[in-house]
Amino acid sequence: MLKAILIDLDNTMVLFNEPEFYKRYFPAISDFFDELCPRESLKSRLVKAVMALRNNPEKRNNKEIFLEQFIGDNPINSEVVWERFVAFYQTAYPNIEVDPEPPDGLHEILDALSRKGLKLVVATNPIFPPSAPLTRMGWVGIDPGMFHLVTHLENMTSVKPKGGYYRQIAEMIEVTPSECLMVGNDPVNDMAAGAVGMGTYLTIDAVHLNYASTTTTSNAKDAAQFMPKPEFSGPFSGILSAIEKKLASSGH
C-alpha cells in the first residue's frame with residue numbers, strides 16, 4: 001500500500017536554470033570565504049567535498065565528511081568553517097539572482113497528496129545545510145510544514161543515487177521502500193529509488209523548459225542505462241493520475 005511520496009526539489013518542484021544559477025553562486029560564496037580559503041581553490045574544494053559524499057560508508061553524518069574534505073590540509077577550525085557556511089546560506093544565498101517557477105498544479109497536487117494522508121518528503125540531494133532547501137522551497141511558495149522530512153547535509157548519511165539514501169528516508173518516516181513513490185526529474189539520481197523497491201515517477205517539466213540539473217554522479221548519461229526504468233513518466237501535474245493507477249494495480 002502506498003504510504004509516502006518522496007519529491008525531489010530542484011527542477012521537480014522548483015523549475016530554474018541550475019547551471020546559470022551556479023555561475024552566480026560561486027562568486028557569492030567566495031566572498032564569504034576570502035580570509036579562510038584562497039578564492040581560486042574554493043570551487044574545487046566545494047566540488048571535492050560534495051563528490052566525497054558519494055563514498056560515505058553510511059555510518060557518518062554527511063556534514064562531517066563534507067567539512068573534512070572541504071578543509072583538507074587547510075589549518076582552519078571546522079566549527080569556524082561551518083559557521084561561515086551557515087551564515088552564507090542564511091544571508092547571502094537567498095539574495096542570489098534566480099528566476100524560478102513552479103510546475104503546473106504544484107500547490108494543488110501537494111494539497112491533494114496531503115489530504116490523502118500520505119507522508120510527504122522533500123527528497124532533495126542532501127549536500128546543503130538545512131536553510132538552503134528551505135530557501136529554494138520559498139522561491140515558489142512551498143510550505144515546509146506540509147512535509148514529514150526535508151533531507152539535508154546534517155540529517156543524512158548518504159546521497160543520491162545511492163540506495164542507502166532512499167532506505168534511510170523510509171526508515172526515518174517509518175515505512176518500507178515498497179510503500180513509497182519517488183518523484184523527480186533526474187533519470188539517475190531520482191530513478192535510482194527503484195533499485196530499492198520504491199515506485200518511481202520521472203517528471204518532464206524541466207526538460208520542456210530545457211533546464212539542466214546538476215548531479216553528484218559521474219558520467220550521468222552512461223549511468224542512466226543501468227538505472228531501473230521509471231514506473232511512470234510525465235509532467236508534475238500527472239502525479240495524482242499515476243498514484244491512482246498504482247493504487248488500483250495493488251488492489252487498494
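The values are calculated or read from the model by the stated rules, or taken from the named source; none is laboratory data. Owing to the predicted nature of the structure, the values given are computational and were not obtained by experimental measurement. Backbone-built Cβ (ideal geometry, glycine too); neighbour counts: all protein chains shown. Surface areas here come from the heavy atoms of the whole protein model, side chains and all, with no ligands, DNA or RNA. Shrake-Rupley method; radii C 1.70, N 1.55, O 1.52, S 1.80 Å.
General observations
- Residues that are surrounded by 14 or more Cβ atoms within 10 Å (Cβ to Cβ) and either touching a Lys or Arg at 6+ places or on another chain (Cβ under 6 Å) or not in a loop (DSSP other than H, G, I, E, B) (or both) within the stretch 110-119 comprise 110, 112, 113, 114, 119, listed in sequence order.
- Candidate set: the stretch 168-188, residues that are crowded, with 19+ Cβ neighbours inside 10 Å and without any contact (Cβ under 8 Å) to a residue 40 or more places away in the chain; chosen: the one nearest to residue 237 (Cα to Cα): 188
- Only one of 15, 6, 53, 2 that is farther than 17 Å from residue 125 by Cα and of a type in the set (A, V, I, L, M): 2
- Across the stretch 48-68, the number of residues qualifying as under 16 Å from residue 36 (Cβ atoms) and either free of Cβ contacts under 8 Å to residues at least 24 places away in the same chain or not in a helix (DSSP H, G or I) (or both) comes to 3.
Residue-wise test of (1) open to solvent by 60 Å² or more (accessible area, probe 1.4 Å); (2) among the hydrophobic types (A, V, I, L, M, F, W, C); (3) not in a loop (DSSP other than H, G, I, E, B).
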| residue | (1), (2), (3) |
| --- | --- |
| 46 | no, yes, yes |
| 88 | no, yes, yes |
| 108 | yes, no, yes |
| 121 | no, yes, yes |
| 124 | no, no, no |
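- Residues of the stretch 226-239 that are under 18 Å from residue 104 (Cβ atoms) and open to solvent by 50 Å² or more (accessible area, probe 1.4 Å): 233, 235, 237.
- Residues of the stretch 232-252 that are part of a loop (DSSP other than H, G, I, E, B) and at pLDDT 95 or above: 235 alone.
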